[in-house]
Amino acid sequence: MGEYRTQMKIIGDILSTTRDDLQDENGATVTYLIRKANISHSRISTLLKTLVSQGLLEQADSQGSNRYKISQSGREFLQAYNSFTKFADNFGLNI
Amino acid sequence: MEFLLENILNLVGFLVGLAIGIMAYIGFRNTGSPTLFRLTIAFVSISLGFFVIWSGYMVEDFLIKSGSIERSIQTVGIIIQTIGYFFIAFSHSIKSFFPKSNYFRSVGILPFFLVSTVQLEHIFRSISFILLVYGAIETMLSYRDNKNKGAISVSIGLALLAIGEFLGWYSFVFPESILYPISMIIKISGLIALFIPVSKVPLKKIKFDDDLDKI
């Protein structure tokens, strides 16, 4: 059985992919993020909208498809997320 | 000796609880995580509980000078701490803490009107003990999944607080014995063990950002 992931963990996975694991410099496609973050299309669509509206991801139209790159706010959020994941791990908890 | 240990324990408890509570709050502000919100409530409550008891001792020592702390103040402090321990245990998903039966619900509140503050103190010390043991076991079990050595230290810290709480409660049976000072030393050790891994979490460059609250 797969490990249960909280919403926060899924957001962390999406942001990590857009920061560390991009296909090319134009950003990641939705299909690529679905594969990397292991999440359904309907769910990732909602999350991507939220992340773009919050300024954590930047959306660009490249080669006829939407592509996503992490923003400066997204990098700061990801840094905080990684730090506090360790903090919560110490208590045996997931953030 | 006992007075000095009480002061050290309550001051260390207040500072450690406050430090962890502030870190959890910064985490909550930056990530919006409900887990970090619960940890904030937990450690701010624990810190406040220690502070109330410490204040009681200070007021007694400098103003009242009766020779012993007001029992009700000690009880209030322990109740506030128990709320904190509850939120730690609750973060580990205690789902059936409150009784489901209507009968137990109806009588559940009655003991609070029937017992004295001394008995209340016993009740809350025993509840704290159970919550701390639960938290210690769950944290130790989490080590199997995340292999984070900090979890072992937190687990030992919670276990030492539980043992200290138990000895503190048991010392009522043998007043004036060495049990109570030992319980306080164990609790101080537990608080230090709790703080060690948390103090190593890198918090540099993390700033508040109101725009992230809605995530």
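Across segment B:13-22, which residue is farthest from the other protein chains (Cβ to nearest Cβ) among those that are more than 21 Å from B:F124 (Cα to Cα) and surrounded by fewer than 23 Cβ atoms within 10 Å (Cβ to Cβ)? Out of the qualifying residues, it is B:L15. Which members of segment A:48-70 meet the condition of being within 11 Å of another protein chain (Cβ to nearest Cβ) and in contact (Cβ under 8 Å) with a residue 12 or more places away in the chain? A:L51, A:Q54, A:G55, A:L56, listed by residue number. Evaluating A:R67 against the criteria (1) modelled with pLDDT of 90 or more; (2) outside any helix (DSSP H, G or I) leaves one unmet condition, (1).
Going by the conditions given, is A:G74 surrounded by 16 or more Cβ atoms within 10 Å (Cβ to Cβ), in contact (Cβ under 8 Å) with a residue 40 or more places away in the chain and not β-branched (V, I, T)? Give the steps one after another, and end with the answer.
Details: surrounded by 16 or more Cβ atoms within 10 Å (Cβ to Cβ): yes; in contact (Cβ under 8 Å) with a residue 40 or more places away in the chain: yes; not β-branched (V, I, T): yes.
The answer is yes for A:G74.
Exactly one residue out of B:S55, B:S33 is of a type in the set (S, T, Y) and either within 27 Å of B:I182 (Cα to Cα) or more than 14 Å from every other protein chain (Cβ to nearest Cβ) (or both): that is B:S55. Scanning segment A:48-62 for residues that are part of a strand (DSSP E or B) and either at pLDDT 90 or above or of a type in the set (V, I, T) (or both) returns A:L57, A:E58. Go through segment B:54-80 and give me each residue that's under 12 Å from B:G17 (Cβ atoms) and either among the β-branched types (V, I, T) or surrounded by fewer than 17 Cβ atoms within 10 Å (Cβ to Cβ) (or both). Correct list: B:I80 only.
If I filter segment B:191-209 for residues that are among the polar types (S, T, N, Q) and at pLDDT 80 or above, do I get at least one hit? Show your work before the answer.
Residues of segment B:191-209 that are among the polar types (S, T, N, Q), as a first pass: B:199.
Adding the requirement that they be at pLDDT 80 or above leaves B:199.
The answer is yes, given that some residue of segment B:191-209 is among the polar types (S, T, N, Q) and at pLDDT 80 or above.
Taking B:F172 and the conditions (1) under 30 Å from B:R71 (Cβ atoms); (2) assigned to a helix (DSSP H, G or I), which numbered condition does it fall short on, given that it satisfies the others? Exception for B:F172: condition (2). Residues of segment A:17-49 that are of a type outside the set (S, T, N, Q) and touching a Phe, Trp or Tyr at 6+ places or on another chain (Cβ under 6 Å): A:G27, A:A28.
The values are calculated or read from the model by the stated rules, or taken from the named source; none is laboratory data. Note that the structure is a prediction, hence the values are computed from the model and not measured. FYI the Cβ positions are ideal-geometry reconstructions off the backbone, even for glycines, and counts take in every protein chain you see.
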